[in-house]
Amino acid sequence: MAGIELKIDTKEMEKALKKLSMFPKEMNKATSAAINRTLSFANKRMKQEVRKEYAIKSGEIQSTINIKRAKPSNLTGIVISSGSRLTLGRFSKNAGNWTKNKPVKVKVKKTGTKKVNTDPKAFVANLNGNNHIVKRVGKERYPIKVLRTVSVPQMLSNEKVNTKVMDEAQEKLQERVEHEINYRMGKIVKLGG
């Protein structure tokens, strides 16, 4: 399981929240709205950054993601990804037209296609209507094992991906808190005036 945890710069947050200190309900609403906008931003950026590194579609990433939104009564928000390791067949470049005794090739990362080097040799088998890259478990024909690679949560945990998204999300959170407070202050001034 992989997640994005946002840390708030409390000094900056305190300065911003002082403006709303007379209106505690508005303070919590502003903070939860800022957190939720940041979670949506982080979700989008996570998918973009993973797709720069790995040969995977945005929808496949999104299907593993669950967003728990903040509420004024609970100022915690989480973007979490969970899922098992993907089959190598999902990344195969020649599974559909693979011929016996040829190497099986996959492209997991955008950096290029690689041969699957296993002992015993990997081969393509059609299991339940899908082409899978497999290898024999022993010397006999069966059993065979479906080969797997990284999971989407592991892709999201990639240091390059995670660091970039975390840095951007922290900035976005500060920006959104400031925006939400100013927006609510504007409403209060209009109602009061």
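The values are calculated or read from the model by the stated rules, or taken from the named source; none is laboratory data. Here the structure is a predicted model, which means the values were calculated and not measured. Note that each Cβ is placed from the backbone with ideal geometry, even for glycine, and that neighbours are counted across all protein chains shown. Side chains are part of the model used for accessible areas, which takes the heavy atoms of the whole protein and leaves out ligands, DNA and RNA. Shrake-Rupley method; radii C 1.70, N 1.55, O 1.52, S 1.80 Å.
A simple spin-label model places the labels of Thr118 and Ala55 1.7 nm from each other, with each point 7 Å out along Cα-to-Cβ. Pairs from the table (Lys29/Lys57; Lys107/Lys145; Lys52/Lys105) lying more than 28 angstrom apart at Cα are Lys29/Lys57. Each of Pro24, Gln48, Gln170 was placed along the dipole of the chain (beta-carbon charges, centred on the mean Cα), and the one lying farthest toward the positive end is Gln48.
When the chain is described by a simple charge dipole with +1 on each Lys and Arg Cβ and -1 on each Asp and Glu Cβ, the residue from Asn130, His179, Ala34 located farthest towards its positive end is Asn130.
Subtracting the Cα-Cα distance of Lys164 and Arg69 from 0.36 nm times their residue separation leaves 32.0 nm of extension gain. Taking volume of the Cα convex hull per residue in Å³ straight from the coordinates, which label in (1) 198; (2) 142; (3) 126 is the correct one? Computed from these coordinates, volume of the Cα convex hull per residue in Å³ corresponds to label (2). Once you reduce region 69-146 and region 169-190 to the center of their Cα atoms, the two points are 45 Å from each other. Rounded to the nearest 20, the size of the Cβ-charge dipole of region 78-149 about its Cα centre is 280 debye, with Lys and Arg at +1 and Asp and Glu at -1.
Taking θ as phi - 60° and the Karplus parameters 6.51, -1.76 and 1.60, the scalar couplings of region 58-65 work out to 4, x, 5, 5, 4, 5, 9, 9 Hz in sequence order, x denoting glycine and proline.
Taking all protein chains together and rolling a 1.4 Å probe, Glu168 ends up with roughly 50 Å² accessible. Per residue, the average separation of C-alpha pairs within less than 8 Å and at least 6 apart gives the chain a relative contact order of 31 percent. Computed on region 65-163, with alpha-carbon pairs under 8 angstrom and 6+ residues apart, the relative contact order is 25 percent. Averaged over its residues, the chain has an accessible area of 63 Å² per residue, based on protein heavy atoms and a 1.4 Å probe. If the chain linking Thr111 and Gln154 were pulled fully straight, counting 0.36 nm for each residue of separation and taking away their Cα-Cα distance, it would gain 13.8 nm.
Treating the beta-carbon of each Lys and Arg as +1 and of each Asp and Glu as -1, no other charges, what is the dipole magnitude of the chain about its Cα centre, to the nearest 20 debye? For the chain, the charge dipole is close to 1020 debye.
Expressed in Å, the radius of gyration and Dmax of the Cα atoms of region 54-97 are 16.2, 56.
Protein heavy-atom surface of the chain, 1.4 angstrom probe: 50% of the accessible area is carbon and sulfur, with nucleic acids and ligands not counted.
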